[in-house]
Amino acid sequence: MTTPPISPPVSRASTSTPRRDLADAPLLVAARGGRPSRVPVWFMRQAGRSLPEYRKLREGVSMLQACADPEMLAEVTLQPVRRHDVDAAILFSDIVVPLHAAGVDIDIVPGTGPVVASPVRTREAVAALPSLEADQVAAVSDGIGLLLERLGTTPLIGFAGAPFTLASYLIEGGPSRNHEHTKALMHAEPQLWHELAGKLADITLAFLRAQLDAGVDAIQLFDSWAGALSPKDYREFVLPHSAKVLAGVGHYGVPRIHFGVGTGELLPSMRDAGADVVGVDWRVPLDEATRRLALPDGPAPVVQGNLDPALLMASWPVIEAEVRRIVAEGRSAGGHIFNLGHGVLPDTDPEVLTRVVELVHSL
């Protein structure tokens, strides 16, 4: 299948916030394949979960309510920057925020995750999916405005869920171990699948453009569940739609990071989708990931990752050895952004994260 057409971008001349001058920020330098002043580090799910100040702030407030409150959104995003001295803030949000904002009946159930009231498995259900307008996520844009006033020289990463991962929630009705309904629909009704994924690509693109117009300095496309697919299925059913999203924000000129879990066999395809930086989970060493991502005549790839989040529960000597190994392996790449191989686990000691940042910066 050819890449779906890219919808025309909104003119940034009249709608967007001027981009901050962060040319020397280590994360942005590394993301562009340059030589930063230090190895940059941030953590997926650093905004929230493990921080006691986050849990206190969120008492009595649902996840979707918190994501729609500009002041709370900004405060939660800032908390790990203050505490850990990470090299980037990641916008406090959730991948289902644009679906909810557009009018999809979806909720985030504590202890479960996103749950859809009516799974989307028919042509009628796909046709009924709404589109997303920028004013429907104005609270997110307002929160970004507050962050740009408070972050100083720390880059802000915006993000969205990739079409496949969003589709898997809509089709399954919630989190799934096997994605059986999703895979069945893909293969039994490929035209319907592409219609659904195309609609979700448009929603994702609108959400990212709203964040970029508000001033974020980089974006990450999360395809959390793409690792459930074979390379063949990924290239046929997923890559065209992720490529549409990544190409659709290319004119902003900011680094585009693409990440999935269990995607070691998909790394070249994720690169081909148009990412500037490919996130790697802990299952593949960074030097091997770099080898898989390299093109014969292209620049050395830029990677992000990839400490196993579970190892943050180990003793410090174990953690230190792993951090040093990963930084050493990352030197084989054109650029390396240190991160976890997935998100911070809720029971992680925040002091350990702070020590990891200090160690990475010292290397």
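Each value in this text was obtained by applying a stated rule to the coordinates, not by laboratory testing. As the structure is a prediction and not an experimental result, all values here were calculated from the model. Cβ: placed from backbone, ideal geometry, glycine included. Neighbour counts: every protein chain shown.
Computed quantities for the displayed model
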| quantity | calculated |
| --- | --- |
| Aspartates and glutamates whose Cα lies under 13 Å from that of K232, excluding same-chain neighbours fewer than 8 positions away | E265 |
| DSSP-loop GluC sites (Glu not before Pro) across the range 122-223, with at most 14 other Cβ within 10 angstrom | E133 |
| Bins of 5 Å, starting at 0 and running to the largest distance - Cα pair percent for the range 34-173 | 2, 9, 18, 20, 18, 14, 10, 6, 3, 1, 0 |
| Using alpha carbons only: equivalent-ellipsoid semi-axes of the range 12-362, gyration tensor based, whole Å | 29, 24, 20 |
| Burial ordering of E351, E75, E53, fewest other beta-carbon atoms within 10 Å first | E351, E53, E75 |
| Residue-averaged [θ]222 nm for the chain, counting only DSSP H segments that reach four residues, each worth -39500 (n - 2.57) | -12500 deg cm²/dmol |
| The range 77-137: translational diffusion in µm²/s, Stokes-Einstein, Kirkwood Rh over Cα pairs, 10 °C, 1.306 mPa s | 113 |
| Rounded to whole Hz, the Karplus (6.51, -1.76, 1.60) HN-Hα couplings of the range 329-339, x for glycine and proline | 5, x, 5, 6, 8, x, x, 9, 10, 6, 7 |
| Distance in nm between pseudo-label sites at T122 and R35 (7 Å out along the Cβ direction from Cα) | 6.3 |
| The chain: relative contact order as a whole-number percent, Cα under 8 Å and 6+ apart | 22 |
| Taking Y169, Y234 and counting other C-beta atoms within 10 Å, the order from fewest to most | Y234, Y169 |
| DSSP-defined beta bridges in the chain - what % are antiparallel, rounded to 5 | 15 |
| Amide H partners (placed H, <5 Å) of N339, local residues excluded | G305, N306, L307 |
| Within straight-line cross-link reach of K244, aspartates and glutamates at Cα separation under 16 Å, skipping those fewer than 8 residues along the same chain | E195, D202, D223, E236, D272, D276 |
